[in-house]
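Encoded as structure tokens, the structure appears first; notes follow it.
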Amino acid sequence: MQRHLLSTADLTRDDAVQILDTAEELRSLADRPIKKLPTLRGRTVVNLFFEDSTRTRISFEAAAKRLSADVINFSAKGSSVSKGESLKDTALTLEAMGADAVVIRHGSSGAPHRLATSGWVRSSVVNAGDGTHEHPTQALLDAFTLRRHLGELDGRRVTIVGDVLHSRVARSNALLLSTLGAEVTLVAPPTLLPVGVSSWPVQTSYDLDASLDKCDAVMMLRVQSERMNDAFFPSAREYSRRYGLDDRRFARLPEHAIVMHPGPMNRGMEISADVADHARSVIVEQVTNGVAVRMAVLYLLLSREPA
Amino acid sequence: MTAYLLRGAAPLGGPTRDLLLHDGRIADPADAPTNAVTVDAAGLVALPGLVDLHTHLREPGREDSETVLTGSQAAAMGGFTAVHAMANTDPVADTAGVVEQVHNLGRVAGYVDVRPVGAVTVGLAGQRLAELGAMADSAARVRVFSDDGTCVSDAVLMRRALEYVKAFDGVIAQHAQEPRLTEGAQMNEGAMSGVLGMRGWPAVAEEAVIARDCLLAGHVGSRLHVCHVSTAGSVELIRWAKTKGWAVTAEVTPHHLMLTDELASTYDPLYKVNPPLRTAEDVDALRAGLADGTIDCVATDHAPHPTEDKECEWAAAAMGMLGLETAVSVVQHAMVDTGLLDWAAVADRMSVRPAAIGSLGDHGGTLEPGSAANVVLVDPSSLRTIDPRESVSLSRNTPYAGLELPGRVVATFLRGRATVLDGKLQ
Amino acid sequence: MPPAQRSSSTQAATTTPATTRVVLDAADITRALTRISHEILERNKGSADLVILGIPTRGVALAHRVAAVIGQVEDSHVPSGSLDITMYRDDLRLRPARTLEPTEIPARGVDGAVVVLVDDVLFSGRTVRAALDALGDVGRPKAVQLAVLVDRGHRQLPIRADFVGKNLPTSLLERVQVSLAEYDGDDAVLISSADGAG
Ligand SMILES: [Zn+2]
């Protein structure tokens, strides 16, 4: 595995499997009286969040703490950073603090890449979501959740539905799930599929109904209703009617198929309340698995010779 | 004034002969005065001094990134004897006062002829025409007008501007970028932007404006110059406009002749530029267009930016890259060494035609006795690794850092006076 | 300082230098494990409260074998399992990240049990130190004992085994390889004087 986790494109199949296998072992910790491991004692993990995301930050924080790392939360929103202090100056501050890993969430695509390759910091960089680019740990936890329910992913059909254009979750999943052998279909209105999607290792479709019968899992992406102001679709109601997972569509899924959502959900928009709460919806489990997967990532990145 | 005898130069890359630069003119070597300084030009190609139609000198307003002096020096080091200073300064060059100030700074610096470009609209705001006539009549004798940096997107305003400048044989240089199609755009829209998750900048946003402006120029019988053409489709549209006999000219930048949007995968904002780097197919079409004359000239779009505006995340970074000091090398690499252009054609695309478009009488001449002694000597056999620290520009944002490029400017003469000699600024 | 040496893999056997000799063959190993099993019973006066935990990889197979022998002798079921120590190692920064091995604690847990940790080779003692830490996070045994197939000396920590299959004084340049049928096809303990190998 490389020193940083910036994109799921950087993960070989072996890397990905190693992370998932490690996470599998770590998940059993959740059932132990003592959930903490001494593995990263004396190491410092900085959560550098330029965008609000309490869920992701808490998940990384829990993961780092269960590995006994020291955690520094650096919420850049509203601090000097948003007032013009550069990413570089922030990075140099972190370097001076002796951060071993920087978990970065940033509104600008490629900011983690920049942090990792600029030479400003020596620490490992973990992308916790950058702009409309990628969110690799979300994809890993999705793959982990899929594997727990479906077994090995070779030949499994996963349908990802919604705002692919603006979704870092969709990008990371399309690459990772393909690497793991799954057949991925992206379903969206044509306005919400990126130009050049034909070069991705996926199928695409504009028709959700045609994609339901044979899929083993369906992943609904959050769709911001503000998108309709940019004419990506005419109205929330029309979007929901054409691309929402409602009870009728849910009934057409195979018996074993599971429903996923990276959260936070817009109930009634891309997913109906009943489907979201259904037994075959694994949305809450995704959150639990997130901690184990992030522990695995931090362990594998940090328990190596320092550069 | 010192006379220079350039011994054994190859004018336009042809047969070697001696060139005498005397009293600001090219003269018969037989008339060389005894105190003439001899320059060994064996193996060097002599070209008429290069003319840049598109330079950002940043003064007034952003003297931290470039001044008229430092930009002039960079131009001389790149073999240029004339540059057109773009109007997007602070204050904007939209009045006779500002263009005269820039013109004067250029004269005081004395490295190249600095020809100010006047803004088309007041403050580049795209609302009201600037006083184009006043700028034309000023001491700066402005002939090229452009809102470069932004597009004159209003069709009526563009039509009026094209018509109005006919009175003084002006030309409107359009930065073709449909604003609504490029809101928040970060890079070329295509396979790479999809993978990198960056807002795409579709080729159609450039081509739609070029198509409209060609039609407008044809309709009103005016001169249109298209800045920094970057797509294969744009080349086709300009080719079509020229077959109609319309007075449409176009430029391409060195970077669009060499670099592609694959570089954005580094997320290094050194590669962030407006218009964006496009695909390899676009690069091929641009080279072909420059070779067959559809694209008239190479213009650098030299755009200095201070380090802090590039040492940041992509979306926050400024757009633009340095170009003056590397232009000849990139053109040799992309056009000469590939067999697409010979040196005579390079002289045409980098001196003769841009001088004609900018109505610069003294530049873009021949290397025959009687012409103004604006001459550059290029060593095409030299290979150099680009080191940003060696740049004489105040900025360091070259996209070629660390690359080995052919060709080196050995000497530049402005009206017979050496501005660069032995590769060193004089 | 030599790193804490654990049993080497089978692929090491293919690159073994010429000077390799067998110190325990299959029958020797069976005898040693039988003896260890009896000693465990003797020391603990029976199999009540015994939990046998192997340290991955080869210690796990040994633990299951010992538990089976004791179960036969006592005609009872002795719980056995595995205890992965990867996350408790003190040399994580010195080596590439390792994939975790399973930890399988028998259903009764370890609280109040006599836990016998089983490993193939006892060397520096660092593995056992890590295992004690790992065990402490799983529960609170009444007592912990250590059984090893081979004790090759060179301890770096104040740790000794309660039950030893064979004491094998070695040089630091020598390598001890344990092969077990469960992983390697057959049972053997080999020693090789690696000429700077390893
Ligand atoms: Zn421009």
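Residue selection: A:Glu238 fails the criterion of being touching a strand residue (DSSP E or B) at 6+ places or on another chain (Cβ under 7 Å), closer than 18 Å to A:Leu192 by Cβ and acidic (Asp, Glu). Within the range B:394-426, if we keep just the residues that are in contact with a Ser or Thr (Cβ under 6 Å, 6 or more places away or on another chain) and hydroxyl-bearing (Ser, Thr, Tyr), the residue that is farthest from B:Gly71 (Cα to Cα) turns out to be B:Tyr400. The combined condition, being open to solvent by 20 Å² or more (accessible area, probe 1.4 Å), of a type in the set (Lys, Arg) and touching a helix residue (DSSP H, G or I) at 6+ places or on another chain (Cβ under 8 Å), is not fulfilled by A:Arg171. Can you tell me how many residues in the range B:367-390 are touching a Ser or Thr at 6+ places or on another chain (Cβ under 7 Å) and surrounded by fewer than 23 Cβ atoms within 10 Å (Cβ to Cβ)? Residues in the range B:367-390 being touching a Ser or Thr at 6+ places or on another chain (Cβ under 7 Å) and surrounded by fewer than 23 Cβ atoms within 10 Å (Cβ to Cβ): 2 in total. Against the test of being more than 13 Å from C:Ile52 (Cα to Cα) and in contact (Cβ under 8 Å) with a residue 24 or more places away in the chain, the options C:Leu117, C:Leu157 yield a single qualifying residue, C:Leu157. The criterion of being within 16 Å of the ligand (Cβ to nearest atom), in the same structural domain as B:Glu178 (by TED's automatic domain parsing) and on the phi < 0 side of the Ramachandran plot holds for B:His54. Of the set (1) within 10 Å of another protein chain (Cβ to nearest Cβ); (2) charged (D, E, K, R); (3) open to solvent by 60 Å² or more (accessible area, probe 1.4 Å), all apply to A:Arg32 but (3). Of all residues in the range A:115-162, those that are more than 12 Å from every other protein chain (Cβ to nearest Cβ) and polar (S, T, N, Q) total 5. Among the residues examined, B:Glu308 qualifies as surrounded by fewer than 19 Cβ atoms within 10 Å (Cβ to Cβ) and either within 16 Å of the ligand (Cβ to nearest atom) or in the same structural domain as B:Asp148 (by TED's automatic domain parsing) (or both). Among the conditions (1) crowded, with 21+ Cβ neighbours inside 10 Å; (2) out of contact with any Lys or Arg (no Cβ under 8 Å at 6 or more places or on another chain); (3) not in a loop (DSSP other than H, G, I, E, B), the only one that B:Ala9 does not satisfy is (2). Answer with yes or no whether A:Ser199 is hydroxyl-bearing (Ser, Thr, Tyr), within 14 Å of chain B (Cβ to nearest Cβ) and open to solvent by 30 Å² or more (accessible area, probe 1.4 Å). Yes: the conditions hold for A:Ser199. When the residues of the range B:198-237 are filtered to those that are surrounded by fewer than 24 Cβ atoms within 10 Å (Cβ to Cβ) and either polar (S, T, N, Q) or in contact with a Gly (Cβ under 7 Å, 6 or more places away or on another chain) (or both), the one that is farthest from A:Thr191 (Cα to Cα) is B:Ser222. Restricted to the range B:237-259, and to residues that are under 16 Å from B:Asn188 (Cβ atoms) and either of a type outside the set (S, T, N, Q) or within 14 Å of chain A (Cβ to nearest Cβ) (or both), which residue is farthest from the ligand (Cβ to nearest atom)? Here the answer is B:Met258. Checking C:Val66, C:Val60 one by one, the residue that is open to solvent by 10 Å² or more (accessible area, probe 1.4 Å) and either modelled with pLDDT of 95 or more or at positive phi (or both) is C:Val60 and no other. A single member of A:Thr117, A:Thr90, A:Thr145, A:Thr179 is surrounded by fewer than 24 Cβ atoms within 10 Å (Cβ to Cβ) and free of Cβ contacts under 8 Å to residues at least 12 places away in the same chain, and it is A:Thr117. Pick from the range B:312-331 the residues that are surrounded by fewer than 22 Cβ atoms within 10 Å (Cβ to Cβ) and out of contact with any His (no Cβ under 8 Å at 6 or more places or on another chain): which of them is farthest from A:Gly110 (Cα to Cα)? Checking each candidate, the answer is B:Met319.
Which of the residues that make up the range B:272-287 are away from the ligand (no atom under 16 Å from the Cβ) and crowded, with 17+ Cβ neighbours inside 10 Å? Those that are away from the ligand (no atom under 16 Å from the Cβ) and crowded, with 17+ Cβ neighbours inside 10 Å: B:Thr279, B:Asp282, B:Val283, B:Ala285, B:Arg287.
Filtered by the rule that a residue be part of a helix (DSSP H, G or I) and more than 19 Å from B:Thr150 (Cα to Cα), the range B:171-201 gives B:Ala191, B:Met192, B:Ser193, B:Gly194, B:Val195, B:Leu196.
Residues being more than 13 Å from chain B (Cβ to nearest Cβ), in contact with a helix residue (DSSP H, G or I) (Cβ under 7 Å, 6 or more places away or on another chain) and part of a loop (DSSP other than H, G, I, E, B): count how many of those fall in the range A:83-114. Matching residues across the range A:83-114 total 1.
Among all positions in the range A:1-20, there is at least one residue which is surrounded by 19 or more Cβ atoms within 10 Å (Cβ to Cβ), polar (S, T, N, Q) and touching a Pro at 6+ places or on another chain (Cβ under 8 Å).
Restricting B:Val165, B:Val204 to residues that are part of a helix (DSSP H, G or I), closer than 21 Å to B:Gly320 by Cα, away from the ligand (no atom under 16 Å from the Cβ) and in the same structural domain as B:Leu290 (by TED's automatic domain parsing) narrows the list to B:Val204. Only one of the numbered conditions (1) surrounded by 22 or more Cβ atoms within 10 Å (Cβ to Cβ); (2) within 22 Å of B:Val39 (Cα to Cα) is violated by B:Ser395, and that is (2).
Among the criteria (1) within 20 Å of the chain's Cα centre (by Cα); (2) within 16 Å of the ligand (Cβ to nearest atom); (3) under 30 Å from A:Leu175 (Cβ atoms), the one B:Ala232 does not fulfil is (2). Within this structure, A:Pro234 passes the test of being open to solvent by 20 Å² or more (accessible area, probe 1.4 Å) and either in a loop (DSSP other than H, G, I, E, B) or at pLDDT 95 or above (or both). Go through the residues of the range B:350-366 one by one and say whether even a single one is open to solvent by 10 Å² or more (accessible area, probe 1.4 Å), in contact (Cβ under 8 Å) with a residue 40 or more places away in the chain and over 18 Å from the mean Cα position of the chain (by Cα). Yes, the conditions are met somewhere in the range B:350-366. Within the range B:318-342, the set of residues being within 19 Å of B:Asp268 (Cβ to Cβ) and within 16 Å of the ligand (Cβ to nearest atom) comprises B:Ala318, B:Met319, B:Gly320, B:Met321, B:Leu322, B:Gly323. Restricted to strands (runs of 3 or more DSSP E) entirely inside the range B:14-128, those with at least 1 residues that are open to solvent by less than 10 Å² (accessible area, probe 1.4 Å) and under 30 Å from B:Cys151 (Cβ atoms) are B:50-55, B:80-85, B:113-116.
The values are calculated or read from the model by the stated rules, or taken from the named source; none is laboratory data. These numbers were taken from a predicted model, which means no experiment stands behind them. Please note: Cβ atoms are built from the backbone with ideal geometry, for glycine as well, and neighbour counts cover all protein chains shown. Heavy atoms of the whole protein, side chains included, go into the accessibility calculation; ligands, DNA and RNA do not. Shrake-Rupley method; radii C 1.70, N 1.55, O 1.52, S 1.80 Å.
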